[in-house]
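What follows is one structure encoded as structure tokens, with my remarks underneath.
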There are 2 protein chains.
Amino acid sequence: MNATSKPERNRLSAEDWELAALQLIAEQGVGALAVEALARRLGVTKGSFYWHFRTREALLQATLERWEQYGEREIISQIELIADPRERLPELFRRVAHELQPHRVYAALLKALDHPLVVPVMARVSSRRTEFLETAYRQAGLAPADALNRARLTYAAYVGFLQLNFTLGLPRLSHDEFDAYVEHMIATLIPA
Amino acid sequence: MNATSKPERNRLSAEDWELAALQLIAEQGVGALAVEALARRLGVTKGSFYWHFRTREALLQATLERWEQYGEREIISQIELIADPRERLPELFRRVAHELQPHRVYAALLKALDHPLVVPVMARVSSRRTEFLETAYRQAGLAPADALNRARLTYAAYVGFLQLNFTLGLPRLSHDEFDAYVEHMIATLIPA
DNA sequence: CGCAGTCCATACTCAGTCGTATGGTAAGTC
DNA sequence: GACTTACCATACGACTGAGTATGGACTGCG
């Protein structure tokens, strides 16, 4: 983290390509992940790329794996430290609502679900998160069957919100409106 | 509707191309909408296509417009006939849950939100539906501010469900599980 | 019958992108 | 100081898919 941040005249590593690929995906989607375009972004040519990766798909695969591993567990592990189980879900909602960059990547990957490589990754990540929600709902007092469906509903609402207000830029919520929406979600989805 | 249904040796019209394009989008997404592939599907060559449309984008545009106009208003108009306003939302949920083909198209379009042509169409359709939900929630007794947020939450849950269980094929719900999920949605989102 | 308009086939051009082949340069290593 | 290794540039081949040019076939109409 000391000298490889800036795109100066440094040599590149495979990790640099993966990070740049993830950023490009967040900005323009998986479809825009072209080898030469990414090389131009990094100030080099294709020759560099094909030294680090065997193919374009290999880069995408490595990038997705990196995202799947490093993308989660910051929030989830913090939430589990909260003592009162009934306080975890509201706190989770509010913390997630204040993120930004992780949602960008996730939203970009949602738009790339026609690509066979991203489907299993998104399936694993989404089901893990849903399972986390399910246990949280159970700890909050919901019956097992209700907890499962409530977790599905909650995560579906999250995904749909990303598509509608993030990708689609639909209602263009103001900051206050967004906060009110989050509080409405909490009041509606979380058992009192 | 008498002789233009079957793909026999008939001549084609622009409408035939648009309908075939919509079906192909529903099956394989917008990215798979290629001129020659669609021509093979219809049993002709590109020469036919470029007589009816100036470009590939023109076909996509026309197809999206057709979908936007003819895609809705079947269910919505039927729902408005229900006398008791408090019965409309549960009935809407259950009817929508029993559809299939419209969801296919909508889900395919959700995956194509990186294409600039589909964004405004999806924005219009989605906001119209959300507004319909908002008035329904108001008629069901919710306060205006709550009705708006509840409508957003409901439609986001719908969109997210499509992505997760349709496109992603996530939990692979059985028929009974799906019905239970719908009833859980009704119990959670609709005021008693 | 002949002609014009409609619809389609064939054969191209052109641009974008993946992947390869090969040579070049800077930094270490003995 | 020669030699290896890591990284990159350049040039090329091949494929894919959009769009064009042009001619042929069928149909209705005078």
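The values are calculated or read from the model by the stated rules, or taken from the named source; none is laboratory data. If you're wondering where the values come from, they're calculated on a predicted model, not measured in any experiment. Every residue, glycine among them, receives a Cβ derived from its backbone with ideal geometry; neighbour counts consider all protein chains shown. Heads up: the accessible areas ignore ligands, DNA and RNA and are worked out on the full protein's heavy atoms, side chains in. Shrake-Rupley method; radii C 1.70, N 1.55, O 1.52, S 1.80 Å.
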Matching entry among A:Thr167, A:Thr188 (being at the interface with chain B (Cβ under 8 Å from one of its Cβ atoms), free of Cβ contacts under 8 Å to residues at least 12 places away in the same chain and of a type in the set (S, T, N, Q)) = A:Thr188
Can you find a residue in the range B:48-59 that is away from DNA strand D (no atom under 13 Å from the Cβ) and either surrounded by 12 or more Cβ atoms within 10 Å (Cβ to Cβ) or under 14 Å from B:Glu18 (Cα atoms) (or both)?
-> no
Please determine, by comparing only the residues of the range A:99-121 that are within 7 Å of chain B (Cβ to nearest Cβ) and without any contact (Cβ under 8 Å) to a residue 24 or more places away in the chain, which one is nearest to A:Ile76 (Cα to Cα).
-> A:Val119
Residue selected from the range A:8-47 under the condition within 14 Å of another protein chain (Cβ to nearest Cβ) and open to solvent by 80 Å² or more (accessible area, probe 1.4 Å), by the criterion farthest from DNA strand C (Cβ to nearest atom) | A:Glu27
Test: residue in the range A:58-70 that is out of contact with any strand residue (DSSP E or B) (no Cβ under 7 Å at 6 or more places or on another chain) and modelled with pLDDT under 90 | yes
Being touching a helix residue (DSSP H, G or I) at 6+ places or on another chain (Cβ under 9 Å) and within 16 Å of DNA strand D (Cβ to nearest atom) is the filter here, so list the residues in the range A:33-47 that pass it.
-> A:Ala34, A:Val35, A:Glu36, A:Ala37, A:Leu38, A:Ala39, A:Arg41, A:Leu42, A:Thr45, A:Lys46, A:Gly47
What tally of residues in the range B:60-70 results from selecting those that are surrounded by 17 or more Cβ atoms within 10 Å (Cβ to Cβ) and of a type in the set (Phe, Trp, Tyr)?
-> 1
For A:Arg124, state whether it is among the charged types (D, E, K, R), touching a helix residue (DSSP H, G or I) at 6+ places or on another chain (Cβ under 8 Å) and free of Cβ contacts under 8 Å to residues at least 24 places away in the same chain.
-> no
Do you know which residues across the range A:128-149 are farther than 29 Å from B:Ala123 by Cβ, of a type outside the set (A, V, I, L, M) and facing chain B (nearest Cβ under 10 Å)?
-> A:Asp146, A:Asn149
Among (1) at the interface with chain A (Cβ under 7 Å from one of its Cβ atoms); (2) closer than 27 Å to B:Ala123 by Cα, which single condition is B:Thr154 missing?
-> (1)
